[in-house]
Structure formats: structure tokens, C-alpha cells
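Below: one structure, written as C-alpha cells.
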Amino acid sequence: MPPTAADLSRELNLGPLVYHRAFALTAREESLVWARKTVRRVLTGRIDEGRIYDAVLVVSELFTNAIRHAGGPVCLTLDLYEKGVIVGVVDRGRDIAAIPTSPRSLLAEWQDEVSSTTGGADLPESGRGLSLINAFANGWGVEPAHKGKVVTAAFCLTGSAA
């Protein structure tokens, strides 16, 4: 089972929680644009610019997956800790088994799929979101939530994971 947000906070030693916000949004393109701007606004001045870029990219991927696969309303969560931030997207999807439980093997699995389906010549247009999240976040996880699931990604205060 992938780690929970609490596990990520402990494993990455993010320190005490200093700020929490949750935003209920519709699963629409306008909400995605708003979520990106909000993440940037909330994090500006609190973590370095590179980590802000990483967090905005990851939120875009998580939000897009929620829109594409779960439908219905979504919730964006931002938890700032003394030494980092955890972002989360809650959606109505209940199938956490569809999300790989071994984040480190995502890229290898994707490369095997590309080679077997296209001979490695053409790359698929979708299906790389979790690999991007794995590359840019210091850790990520998924867990059941009330009437759905939450996918979270953690970022240490400084330095990109990529």
C-alpha cells in the first residue's frame, strides 16, 4: 500500500503543520486553472520557486486525473509544514487498486508498455502522470477518503526531486 499523507510527513520529517487549506471545486477546466494559481499564490514566499513549480505541475496532473477518471466535484488540499508541503486532490473515484502500489516502478512499467505496444517508436499521449509525480515530488501516496480517494504528493522545502 502506498504511504498516506501522515506517513509522508513522518518519513520526510516535514515538521509540525503550520497551515492547512481545503478548497471544494468542480471537475472542470476553469477549476484546474484556479487550482494552479492558488497553489502558486499560497506557496509564494513560503518555499523556493523550483518547488513551487514542481507543486503546480503535480497538482495539474492530480487534478487532470481526477477530472478524467473520477468526475464529479474534487477537493484541493494544501498542508504547509515547517519543512515542506503536502498537496492533495480528493475525488469521487474509489478504486485505489488502479493506482500502482510501488511508485518507484512506475517508469519501468511504462517503458515496458511502450515497448510492447508500439515497439518503442511512438510514445503514448497519456498515462505518464504518475511517473511525473514520482519524479517531481519527494513522495506520494493514495488512500481512501470519504466517498472517494485522495492522492497526495509531498515536497521538501528546498531542492527539486527531479
For the range 49-59, does any single residue satisfy the condition of being touching a strand residue (DSSP E or B) at 6+ places or on another chain (Cβ under 8 Å) and basic (Lys, Arg)? yes
Leading residue by the ranking (surrounded by the most Cβ atoms within 10 Å (Cβ to Cβ)) among those in the range 17-41 that are among the polar types (S, T, N, Q) and touching a Leu at 6+ places or on another chain (Cβ under 8 Å): Ser31
Suppose we filter the range 1-11 for residues that are touching a residue at least 60 places away in the same chain (Cβ under 8 Å), more than 11 Å from Val85 (Cα to Cα) and of a type outside the set (Asp, Glu); how many remain? 4
Filter the helices (runs of 4 or more DSSP H) completely within the range 1-92 down to those with at least 2 residues that are within 14 Å of Val142 (Cα to Cα) and out of contact with any Phe, Trp or Tyr (no Cβ under 7 Å at 6 or more places or on another chain). 5-11, 49-65
Scanning the range 42-85 for residues that are among the charged types (D, E, K, R), under 15 Å from the mean Cα position of the chain (by Cα) and surrounded by fewer than 19 Cβ atoms within 10 Å (Cβ to Cβ) gives Arg68
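Suppose the filter is touching a residue at least 40 places away in the same chain (Cβ under 8 Å), surrounded by 17 or more Cβ atoms within 10 Å (Cβ to Cβ) and in contact with a helix residue (DSSP H, G or I) (Cβ under 6 Å, 6 or more places away or on another chain); does Leu14 pass it?
no
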Determine whether Leu130 is buried (at least 21 other Cβ atoms within 10 Å of the Cβ) and at pLDDT below 80. yes
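The values are calculated or read from the model by the stated rules, or taken from the named source; none is laboratory data. Note that this is a predicted model, so its numbers are computed, not measured. Every residue, glycine among them, receives a Cβ derived from its backbone with ideal geometry; neighbour counts consider all protein chains shown.
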